[in-house]
Each structure stands twice: as C-alpha cells, then as structure tokens.
Amino acid sequence: MQLTRSLTLTDAVFVGLGSMIGAGVFAVFAPAAAAAGSALLVSLVVAGVVACCNALSSAWLAARYPQSGGTYVYGRERLGRVWGDLAGWAFVLGKTASCAAMALTVGVYVGAPKTVAVAAIVALTVLNLSGVQKSAVVTRVIVIAVLLVLVLTAVTARDAVQPAEFLPSGILPAAALLFFAFAGYARIATLGEEVREPERTIPRAVVIALAITLVVYAVVAVVALNALGSRLAVSTLADVSPSLAPVIRVAACLAALGSLLSLQLGVSRTALAMARDRRLPGFLADLRWAEIATGLVAIGLVLTVDVTRAIVFSSFCVLLYYAIANASAWTLGKRVVPAVGLAGCLTLAGAVLWQL
C-alpha cells in the first residue's frame with residue numbers, strides 16, 4: 001500500500017515530542033542526581049548530544065531502508081548478520097527492561113512498586129491481546145497533560161534546604177541514565193514514507209524535537225535541584241511541589257502507562273520479526289505468544305530489580321543498539337555525526353556498565 005506524504009515539519013516534531021516527553025522524566029532524575037549531584041545538568045547536555053547523533057544516523061538509514069526492524073535491519077544490511085542480530089537482541093532486552101522500569105514507575109508513584117507494576121503489565125498485556133490500538137490523539141493528550149503538569153510543578157516548587165554537591169566523576173554515568181529519558185526520538189525516522197520532503201524534513205524535525213525536549217528537561221532538572229537539593233537523589237518529582245503532589249503522581253502514572261503500552265507493542269513485534277528470521281524461538285512468530293512472552297519477561301524483571309537497575313540495564317542495551325546504528329550510518333559515507341554518536345554510545349555504555 002502506498003502511503004500518503006501528508007505530514008509536515010510540525011507534525012514530525014510533535015511525533016518526536018510525543019515519543020520523548022513522557023514517563024522517563026518522572027523516573028530518571030533521582031538516580032542521575034545520586035550519581036552526579038548538581039552536575040546532572042552537564043550530564044543532560046551530554047545525553048542530548050549523543051541522542052541527536054543517534055537519531056540523525058537512524059534517519060539516514062531509514063531513508064535507505066524504509067522497512068520495519070530498525071537497526072536490526074540496518075546492522076544486517078550494512079555490517080553483516082551478526083551485528084544485526086546483536087542489535088535485535090539489544091533492542092528486545094533493553095526495551096523489555098524499559099517495560100519493567102515504566103511499570104515500576106507507576107508503582108513508585110502509587111506507593112506499592114512491585115504489586116502495582118505487575119498488575120500494570122498484566123492489564124496492558126491483556127489489552128494488547130484483545131487488539132487494542134494506540135491513538136495519536138491519546139498520545140498528544142498525554143504529552144500536553146504532562147507538559148502542563150511540569151509547568152505547574154515549576155511554578156509551585158518549594159526551595160531546597162541543602163544544595164546538591166557537584167560530582168564530576170558522576171557526569172558520564174548520569175548521562176547514560178538520562179539517555180533513558182530521551183528514548184523514542186528515532187521514531188521520527190520511521191516516518192520516511194509519510195513526511196513531505198523527508199530528506200530535508202526528518203533531520204530538521206529530529207534536531208528541533210530534541211532541542212525542545214532538552215530545554216524542558218533542563219528546566220525540570222533546575223527546578224528539582226532547587227527544590228530538593230541533595231534530597232533529589234532519594235525523591236520523586238512529586239516531592240518537588242507537595243501542594244501539587246497528587247496531580248504529579250497521576251500525571252506520572254498516565255505517562256508511564258502510555259509508555260508501557262507503546263513499549264510492549266514495539267518489543268513484541270520486534271521479537272516476532274526476529275522469530276520469523278529464526279533468530280528467536282519459532283513460537284514467538286505468533287504475535288499473541290510474542291506479546292505474552294514480553295509481558296512475562298517484564299514481570300520477571302519487576303520482581304527481581306528496582307526501577308534504577310531496570311533503567312541502568314535498559315540504557316546499556318539501547319546504547320549498544322545505537323552504537324551499531326552509528327556504525328551502520330558510517331558505511332553510508334556519513335562521517336562526523338556517526339563518529340560522534342558511536343564514540344558517545346560506547347563511552348556512556350562503559351560508564352554505566354559498572355552500575356549493572
């Protein structure tokens with residue numbers, strides 16, 4: 001079926017914002033602050049630069065290979081089967097860990113991490129099995145709601161009692177953790193068949209969406225550090241503004257549930273594609289079994305790790321995945337951006353490895 005090129009630059013930017021501004025911002029600042037203190041602002045810039053390189057490399061590759069599978073396909077076509085398989089495994093494992101992190105985020109904000117997290121995964125797995133479809137309208141509503149809550153949080157935030165210490169040694173580990181909050185930016189690259197002038201529009205949309213997201217995250221980070229200081233390492237965003245805490249908790253839960261639904265859909269379908277290529281067990285070539293398996297593995301992670309460990313493992317796997325994407329983009333004749341992205345991914349992956 002021929003897709004219509006109806007999406008403008010603004011549409012593509014909104015897709016990127018919808019993919020990035022969500023549950024990650026409610027989950028990642030505490031472990032990042034524990035690693036870097038007030039230096040997490042530097043870490044945020046580092047994570048944003050690496051994310052931008054990764055997204056641009058993915059956009060160039062998507063234009064060359066407009067098919068499902070992402071870096072699983074790019075690595076296979078540009079670097080060889082082994083690298084494609086490694087990218088596929090990294091994606092499935094990393095994003096399954098993201099499922100656990102999102103479920104645990106819901107639990108943390110509700111006050112019963114494990115029980116609520118398991119219930120959330122079971123409920124959304126059942127929804128997926130019933131054939132529920134995501135809606136772009138719902139995604140936009142969640143993004144707008146989250147942005148409004150973040151604005152209200154900044155306006156009503158209290159003042160810190162004890163400032164956070166600046167910890168230079170934690171800049172790279174914190175950047176690797178904050179990278180988790182940018183997850184989803186490469187979704188813009190999948191719009192190649194539906195965007196007007198994709199060669200020009202997609203790279204611009206990537207940069208604009210990432211820039212807006214970086215500004216939003218920087219404002220939230222400054223507000224959180226100012227409100228909680230050293231306590232940010234052991235707090236949630238709900239503690240930034242006690243008067244608004246119930247609203248923040250609701251927004252965090254909605255954003256995390258939306259992300260969890262999207263992640264489960266993506267992981268199950270990647271697992272299905274790999275099973276069809278005989279890179280995963282054959283029974284996963286049945287979408288229903290792929291969805292059930294995704295849910296079961298995510299529940300296993302929920303029961304054995306906390307939200308920080310889930311984020312750490314997810315970040316490591318996704319950084320490996322994008323390292324392969326940048327290496328693949330290098331073979332297209334692109335040089336500077338893939339080189340910076342590859343070096344950044346490997347550096348951050350090494351920095352986060354000690355936390356596993």
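A few comments on the model shown:
- Every residue from the range 4-17 that is in contact (Cβ under 8 Å) with a residue 12 or more places away in the chain and either surrounded by fewer than 24 Cβ atoms within 10 Å (Cβ to Cβ) or among the aliphatic types (A, V, I, L, M) (or both): THR4, ARG5, SER6, LEU7, THR8, LEU9, ASP11, ALA12, VAL13, PHE14, VAL15, LEU17
- Annotation: of all residues in the range 100-136 being hydroxyl-bearing (Ser, Thr, Tyr) and at pLDDT 90 or above, the one that is farthest from the chain's Cα centre (by Cα) is THR115.
- Only one of the numbered conditions (1) loosely packed, with under 15 Cβ neighbours inside 10 Å; (2) modelled with pLDDT under 80 is not met by THR139, and that is (1).
- From THR125, THR105, residue being polar (S, T, N, Q), open to solvent by 10 Å² or more (accessible area, probe 1.4 Å) and either under 14 Å from ALA293 (Cβ atoms) or in contact (Cβ under 8 Å) with a residue 60 or more places away in the chain (or both): THR125
- Test: residue in the range 328-340 that is closer than 21 Å to GLY170 by Cβ, buried (at least 24 other Cβ atoms within 10 Å of the Cβ) and modelled with pLDDT of 95 or more: no
- Count of the range 224-240 residues which are open to solvent by less than 30 Å² (accessible area, probe 1.4 Å) and either within 15 Å of ALA154 (Cα to Cα) or in contact with a His (Cβ under 8 Å, 6 or more places away or on another chain) (or both): 9
- If you go through the range 80-103 and keep only what is assigned to a helix (DSSP H, G or I) and out of contact with any helix residue (DSSP H, G or I) (no Cβ under 7 Å at 6 or more places or on another chain), you end up with ARG81, VAL82, ASP85, TRP89.
- Residues located in the range 293-319, provided they are more than 17 Å from the chain's Cα centre (by Cα) and either hydrophobic (A, V, I, L, M, F, W, C) or surrounded by fewer than 18 Cβ atoms within 10 Å (Cβ to Cβ) (or both): ALA293, LEU296, VAL297, ILE299, GLY300, LEU301, VAL302, LEU303, THR304, VAL305, ASP306
- Selection of the range 250-292 for residues being among the hydrophobic types (A, V, I, L, M, F, W, C), over 26 Å from VAL149 (Cα atoms) and open to solvent by 30 Å² or more (accessible area, probe 1.4 Å) yields ALA273, PHE283, ALA285, LEU287, TRP289, ILE292.
- Applying the criterion of being of a type outside the set (A, V, I, L, M) and under 15 Å from GLY266 (Cβ atoms) to the residues of the range 68-88, the residue that is surrounded by the most Cβ atoms within 10 Å (Cβ to Cβ) is THR71.
- Sole residue being under 27 Å from LEU61 (Cβ atoms) and out of contact with any Gly (no Cβ under 7 Å at 6 or more places or on another chain), chosen from ARG269, ARG309, ARG249: ARG269
- From the list ALA59, ALA32, ALA27, the lone residue that is under 16 Å from ALA351 (Cβ atoms) and open to solvent by less than 20 Å² (accessible area, probe 1.4 Å) is ALA32.
The values are calculated or read from the model by the stated rules, or taken from the named source; none is laboratory data. Model, not experiment: these values are computed from the prediction. Positions of Cβ are generated from backbone atoms using ideal geometry, with glycine treated the same way; all protein chains shown enter the neighbour counts. Accessible surface is based on the protein model in full, side chains and every heavy atom, while ligands, DNA and RNA are left aside. Shrake-Rupley method; radii C 1.70, N 1.55, O 1.52, S 1.80 Å.
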